Amino acid sequence: MSNIQKVDELLTKAQVFYLATVDGDKPKVRPLGFHLLFEDKIYFGVGDHKDVYKQMQANPSVEIAAWDGEHFLRYYGTVDLSGNDEVVEKAFELMPEIAEAYKANNWKMGVFYLNDATAEFRNMFAIEESYEFKY
């Protein structure tokens with residue numbers, strides 16, 4: 001199993017994970033559930049009409065935190081918001097109810113991955129494993 005697959009597996013086990021951004025000088029954290037391992041990158045998606053997307057445009061440094069019942073994951077880096085239409089199509093295949101809402105409202109899914117990223121697998125006291133991803 002590759003290192004990026006380990007990150008994807010923990011996110012899958014956690015089901016819900018948390019994305020932290022910055023809004024001006026205030027932290028903002030929200031739960032997410034969608035992620036997709038595609039071409040050795042983990043993609044996430046949010047509506048490009050949402051504040052979270054605008055916050056990432058203004059400050060691309062983010063952190064994702066997850067807990068799978070055994071380990072914590074801290075996955076942080078710089079978002080790449082260049083998008084990927086193939087990932088959007090796959091996301092809508094996996095989540096048809098989301099696809100319907102986006103199409104009905106003429107919204108666009110903004111997909112992103114983390115570049116210059118670090119993934120730390122942690123227990124309560126220390127980092128057990130750490131991996132770097134540069135694309």
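Where a number appears in this text, it was derived from the coordinates with a stated rule and is not lab data. All figures in this text were calculated on a predicted structure; none of them were measured in a lab. Heads up, the Cβs are rebuilt from the backbone with ideal geometry, glycines too, and the neighbour counts pull from every protein chain shown.
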(message) Among the listed pairs 13/103; 26/108; 50/108; 50/103; 6/50; 6/134, which have their C-alpha atoms separated by more than 18 angstrom in this model?
(response) 13/103; 26/108; 6/50
(request) Could you calculate the contour length gain from residue 5 to residue 103, that is, 0.36 nm times the residue separation minus the distance between their Cα atoms, to one decimal place in nm? (result) 32.2 nm
(request) Enumerate the calculated ³J(HN,Hα) couplings along region 3-18 in order (Karplus 6.51 cos²θ - 1.76 cosθ + 1.60, θ = phi - 60°), each rounded to whole Hz, writing x wherever the residue is Gly or Pro. (result) 5, 5, 5, 4, 5, 4, 5, 5, 4, 5, 5, 5, 6, 10, 9, 10
(message) Give me the one-decimal nm value for the distance between modelled label points at residue 116 and residue 134, 7 Å along each residue's Cα-to-Cβ direction.
(response) 1.0 nm
(request) Take the eigenvalues of the Cα gyration tensor for the chain, scale each by 5, and report the square roots as semi-axes in whole Å, largest first. (result) 24, 17, 14
(request) Return the sequence-ordered ³J(HN,Hα) values of region 39-49 in whole Hz as given by the Karplus equation 6.51 cos²θ - 1.76 cosθ + 1.60 applied to θ = phi - 60°, using x for Gly and Pro. (result) 6, 6, 10, 9, 9, 10, x, 9, x, 6, 8
(message) Full-extension gain between residue 50 and residue 68, please, as 0.36 nm times their residue separation minus the C-alpha to C-alpha distance.
(response) 3.8 nm
(request) Whole number please: convex hull volume per residue, Cα atoms of region 46-107, in Å³. (result) 117 Å³
(request) Could you work out how far helix 85-94 tilts from the main Cα principal axis of the chain, as a 0 to 90 degree angle to the nearest 10? (result) 90 degrees
(request) Could you work out how far the C-alpha centroid of region 84-135 sits from that of region 1-66, in angstrom? (result) 6 Å
(message) Contact order normalised by length for region 3-133, with contacts defined as Cα pairs under 8 Å and 6 or more residues apart; what percent is it?
(response) 25 percent
